[in-house]
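Visitor: One structure, as structure tokens, below. Some questions next.
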Amino acid sequence: MHKTISHETAHPPISWDEGETTHTCRWRSEKGTPPPKKLIIADDTLTADEAYRVACEGTGIIWRGDFQNAKQLLQAMTRRADKPSKKSIRNLKSSKNKQEGVIPLAVPMSEIFHKHRLTQSQRSRTLGMLLIQVEPDHTIGLRRAPDVSQACLAVYGSVTEPYVMSLRDLLGFIGSLEWRKNGMALDALKDLGDGRIHPHYGVFAPVRSEYIGLLEKAPFPASINKQSLAFDIGTGTGVLAAVLAKRGIQKIVATDQDERAIECATENIEGLGIGKQVKLMQTNLFPEGQAPLIICNPPWVPARPSSPIEYAVYDPDSQMLKGFLAGLKDHLTPDGEGWLILSDLAEHLGLRTRAELLSWIEAAGLKVLGRNDVRPTHIKALDTQDPLYRARAAEVTSLWRLGA
């Protein structure tokens, strides 16, 4: 479970001198990054090259110019961050000039994955150095600044002190609010309420519909006819609980340990008109009691999250997966089934083996009753320029039917 962090630790005060005035604000970072140790004040006269240079050094840039110009500056810094380095270009030329017939050993995917994660983390940290000061009412006192109060309120709630945050985070908040307002239309839910899932900031959105299709088609265990009850472990947006409700299960207990996820799922369940069928509970893994059907779609990649909002994607040391398997037998009714929805991407990345997964299933006193597979359809699986393409192209998502 996530640790409880004090206000002082989570949002430490930062200070800087501006003319003869000393400013003090709270530092806010959804990625959990510490505040920059050095700060400078900048406006529209700052060049992209200079901004990128000081950002790479770890210096925070508090923006005092035009807001739209700040967005353009961030775009220019992003282009510099994504430009191949001279070293990588030299390595590429060197490999092309190698004698024909000499094939270098393939780099392990685990090494490529960890290097890619490190590169992305460094890129995020550098681009997060362009900073915006926000007032306690979530407004910005810059020329041509948009009204961001609703976007910030949706993530931070009410605050009493001014704060400083990265422009990159702020733009993420704005995009997230639009996504939350408009929602995602899903074929699996088209006959329920508005037929949409409205993801909140920091809650994993069901952008990959293939795993939802697996849940739509899997045959229910016969014991469902005796007791129409299911548990949805780690519900997130509530999308899988909604699919079960549409398939006719009368009572679904959906759990999540994250407060944002419970708030998000509550909104979605109400919007879909299935509040009488679905009960939400904030807890770690299982509710009390037993059910004939228990489903879980844990984070697929066993790696350490680099920020709190990555817990929906990364499951360090497969903790949630192991916890679900270990507790499943005690929460299943006789002849009940546990449905584990899991991608094998981790296996292709060299982060977990199939033998390990099967050993955890066996150690938990479970057996595999069946498995339904589907290939991914998302765009990254087709992108040959993606550093992880080799693993993504081989990926299969499965619904494992497990019994005691």
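Visitor: Please go through the range 261-302 and give me each residue that is surrounded by 23 or more Cβ atoms within 10 Å (Cβ to Cβ) and part of a helix (DSSP H, G or I), ordered by number.
Guide: Hits for the range 261-302 are 261, 264, 265, 268, 269.
Visitor: While we're looking at this one, here's another question. Specify which of the listed residues (78, 22, 59, 33) is touching a strand residue (DSSP E or B) at 6+ places or on another chain (Cβ under 7 Å), among the hydroxyl-bearing types (Ser, Thr, Tyr) and surrounded by 14 or more Cβ atoms within 10 Å (Cβ to Cβ).
Guide: Residue meeting the stated conditions: 59.
Visitor: In the range 158-169, how many residues are open to solvent by less than 60 Å² (accessible area, probe 1.4 Å), more than 19 Å from the chain's Cα centre (by Cα) and among the acidic types (Asp, Glu)?
Guide: Matching residues across the range 158-169 total 0.
Visitor: From the list 258, 232, exactly one residue is open to solvent by 20 Å² or more (accessible area, probe 1.4 Å) and closer than 23 Å to residue 319 by Cβ. Which is it?
Guide: Only one candidate qualifies: 258.
Visitor: When residues of the range 162-221 are filtered for being outside any loop (DSSP other than H, G, I, E, B), acidic (Asp, Glu) and touching a residue at least 40 places away in the same chain (Cβ under 8 Å), how many remain? Walk me through it before giving the result.
Guide: Within the range 162-221, the first condition is being outside any loop (DSSP other than H, G, I, E, B), and the residues that meet it are 163-182, 184-185, 187-189, 196-197, 210-217.
The next check asks that each one be acidic (Asp, Glu); those that pass are 169, 178, 187, 210, 216.
Filter once more, keeping what is touching a residue at least 40 places away in the same chain (Cβ under 8 Å): 169, 210.
Number of matching residues: 2.
Visitor: Moving on. Restrict the check to the range 332-349 and report whether at least one residue is modelled with pLDDT of 95 or more, out of contact with any helix residue (DSSP H, G or I) (no Cβ under 8 Å at 6 or more places or on another chain), open to solvent by less than 30 Å² (accessible area, probe 1.4 Å) and among the aliphatic types (A, V, I, L, M).
Guide: Yes, that holds for at least one residue.
Visitor: Is it fair to say residue 305 is closer than 30 Å to residue 110 by Cα, without any contact (Cβ under 8 Å) to a residue 60 or more places away in the chain and in a loop (DSSP other than H, G, I, E, B)?
Guide: When the stated conditions are applied, residue 305 passes them.
Visitor: If residue 133 meets every condition in (1) closer than 26 Å to residue 72 by Cβ; (2) of a type in the set (S, T, N, Q); (3) not in a strand (DSSP E or B) apart from one, which number is that one?
Guide: If we test residue 133 against (1) closer than 26 Å to residue 72 by Cβ; (2) of a type in the set (S, T, N, Q); (3) not in a strand (DSSP E or B), just (3) comes out false.
Visitor: In the range 170-191, how many residues are touching a Gly at 6+ places or on another chain (Cβ under 7 Å) and crowded, with 19+ Cβ neighbours inside 10 Å?
Guide: 1
The values are calculated or read from the model by the stated rules, or taken from the named source; none is laboratory data. If you're wondering where the values come from, they're calculated on a predicted model, not measured in any experiment. Here the Cβ is made from the backbone with ideal geometry for all residues, glycine too, and neighbour counts use every protein chain on show. The protein model used for the area step is the full one, side chains on, heavy atoms only, and it has no ligands, DNA or RNA in it. Shrake-Rupley method; radii C 1.70, N 1.55, O 1.52, S 1.80 Å.
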